[in-house]
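Comments concern the structure below.
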Amino acid sequence: MDVLRAVLVQDMARALLLAAAAFVLTLFVGAWWVRFARRHKLGKQIRIDGPQSHMTKMGTPTMGGVMVVSTVVLLTVLFNLVDRWSMLLPLVVLVSFAVLGGVDDWMTLTGSQSRTYGFTVRYKFWLMMAVAFIASLALYLPPPFGLGHEGKLQIPFVGELNIGPWFIPIATLIIVFISNAVNLTDGLDSLAGWNLTLAFASYGVMTFLAEPRLTNLMAFCFTLVGACAAFLWYNAHPAQVFMGDLGALALGATLAIVALQSQQWLLLPVVGIVFVAEAVSVILQTGYFKWTKWRFGQGRRIFKMAPLHHHFELLGWSQVQVTQRFVLVGTVAAMVGISLALLFAAPRPSERADQTPLTQVVETMP
């Protein structure tokens with residue numbers, strides 16, 4: 001009973017306290033950042049060809065991801081890093097992608113010529129690929145060079161599978177894809193923030209129920225949940241601040257790292273179904289337009305506008321309707337993802353036939 005309490009109470013208590021601390025601290029940092037961004041006119045630029053309802057957002061402070069990144073880094077370094085060095089990997093990825101996104105945001109705000117600084121879209125993409133590749137190596141290689149995951153993953157209905165060195169290129173592409181997918185989703189107030197909160201909470205539950213239990217990664221996930229929830233305080237419609245590339249790229253890449261590190265990355269398209277749908281809509285729209293332009297001499301479109309949330313806006317849905325309905329889809333998808341992780345997880349030692357089932361232990365507790 002003492003062991004059960006230590007596992008179910010102490011570990012979860014630490015994670016939830018970190019989530020609460022991240023929420024409160026991000027609220028304070030967010031209040032300061034909104035004032036700072038307004039004072040220095042760090043305002044968002046809006047696409048002219050986008051929905052006209054978005055024009056009212058012109059000049060809204062951006063780069064709000066700094067409030068989430070700074071809080072998560074601070075709390076993780078103070079309470080979830082010493083003797084838990086595996087947390088260095090998601091921290092490094094979080095900061096690295098935040099720097100890349102921050103540079104991109106700054107150049108957009110200042111109207112700098114990309115070629116002057118050598119920071120073109122293609123250059124940024126290859127920098128992201130480089131960081132993702134190094135992170136994938138760190139996951140794959142054995143200690144002391146890496147975390148020694150050896151390409152293992154959990155497959156629903158099948159069990160554990162080791163894909164070997166193929167893990168490295170696959171993981172690299174996943175990190176870059178999800179990072180950009182979150183960035184594409186960050187086009188409506190609260191849309192990316194809500195779905196990130198749901199996704200990190202889902203992986204927090206999965207890591208808590210994993211075998212062996214990934215308590216440090218669980219605490220990291222819930223720290224992100226608290227920080228993302230506080231960001232929503234300022235990003236609720238009408239938004240006082242936007243996440244920017246700084247936040248979207250960093251949090252998307254970190255979500256991918258959490259999924260890969262937990263070996264439950266096959267469930268990422270389920271848990272992050274909104275992110276995947278947004279990115280796929282852009283890929284389909286761009287590919288179909290280029291193909292029809294080559295085939296018929298005039299480009300055609302599948303959607304009224306991509307990413308997908310703009311398509312529904314142009315169909316007549318309000319921004320709040322799109323966000324709420326996408327979040328509802330994300331909520332159901334998160335529950336499905338957790339259920340798949342639970343139903344097809346390896347049995348715990350306490351659940352084996354030669355030991356007392358966990359349910360009996362719980363039922364006998366006073």
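Scanning the range 280-289 finds no residues that are under 19 Å from residue 204 (Cα atoms), among the polar types (S, T, N, Q), modelled with pLDDT of 95 or more and in a helix (DSSP H, G or I).
So residue 184 fits all but one of (1) over 21 Å from residue 98 (Cβ atoms); (2) of a type outside the set (D, E, K, R); (3) surrounded by fewer than 24 Cβ atoms within 10 Å (Cβ to Cβ); what number is the exception? Result: residue 184 fails condition (1) only. Being touching a Ser or Thr at 6+ places or on another chain (Cβ under 6 Å) and either more than 15 Å from residue 278 (Cβ to Cβ) or part of a loop (DSSP other than H, G, I, E, B) (or both) is the filter here, so list the residues in the range 176-202 that pass it. Scanning the range 176-202 gives 188, 190. The residue pairs whose first member lies in the range 292-319 and is hydroxyl-bearing (Ser, Thr, Tyr), whose second member is not in a helix (DSSP H, G or I), and whose beta carbons are closer than 8 Å, counting only pairs six or more residues apart or on different chains, are 292/298; 292/299; 292/300. A single entry from 164, 159, 146 fulfils the requirement of being surrounded by 14 or more Cβ atoms within 10 Å (Cβ to Cβ) and at pLDDT below 95: 146. A residue that is farther than 18 Å from residue 68 by Cα, at pLDDT below 95 and part of a helix (DSSP H, G or I) occurs nowhere in the range 87-104. Would you confirm whether or not the range 160-175 contains a residue that is in contact (Cβ under 8 Å) with a residue 40 or more places away in the chain and not in a helix (DSSP H, G or I)? Yes: one or more hits. Only one of these is at pLDDT below 95, part of a helix (DSSP H, G or I), in contact with a helix residue (DSSP H, G or I) (Cβ under 6 Å, 6 or more places away or on another chain) and among the aliphatic types (A, V, I, L, M): 37, 15. Name it. From the options 37, 15, the qualifying one is 15. Scan the range 290-313 for residues that are in a helix (DSSP H, G or I) and polar (S, T, N, Q) and the total you get is 1. For the range 191-201, the condition of being more than 24 Å from residue 77 (Cα to Cα) and at pLDDT below 95 holds for none of the residues. Taking every residue in the range 132-155 that is on the phi > 0 side of the Ramachandran plot and assigned to a loop (DSSP other than H, G, I, E, B) and pairing it with any residue that is small (Gly, Ala, Ser) and at pLDDT 95 or above, at least 6 positions away or on another chain, the pairs with Cβ-Cβ distances below 9 Å are 151/171. When residue 8 is tested against (1) at pLDDT below 95; (2) buried (at least 18 other Cβ atoms within 10 Å of the Cβ), only condition (2) is not met.
Test residue 212 against the criterion of being farther than 15 Å from residue 261 by Cβ and either at pLDDT below 95 or not in a helix (DSSP H, G or I) (or both), and give yes or no. No, not satisfied.
The one condition from (1) of a type in the set (A, V, I, L, M); (2) buried (at least 23 other Cβ atoms within 10 Å of the Cβ); (3) out of contact with any Leu (no Cβ under 9 Å at 6 or more places or on another chain) that residue 219 does not meet is (3). Inclusion of residue 226 among residues that are under 15 Å from residue 72 (Cβ atoms), surrounded by 21 or more Cβ atoms within 10 Å (Cβ to Cβ) and over 12 Å from the mean Cα position of the chain (by Cα) is warranted. Taking the criterion of being touching a residue at least 40 places away in the same chain (Cβ under 8 Å) and over 18 Å from the mean Cα position of the chain (by Cα), the residues of the range 87-105 that qualify are 104, 105. Apart from one condition, residue 322 fits all of (1) modelled with pLDDT under 95; (2) part of a helix (DSSP H, G or I); (3) among the aliphatic types (A, V, I, L, M); the exception is (1).
The values are calculated or read from the model by the stated rules, or taken from the named source; none is laboratory data. Note that the coordinates shown come from a computational prediction; the quantities given were computed from them, not determined experimentally. We place every Cβ from the backbone using ideal geometry, glycine too, and count neighbours over all the protein chains shown.
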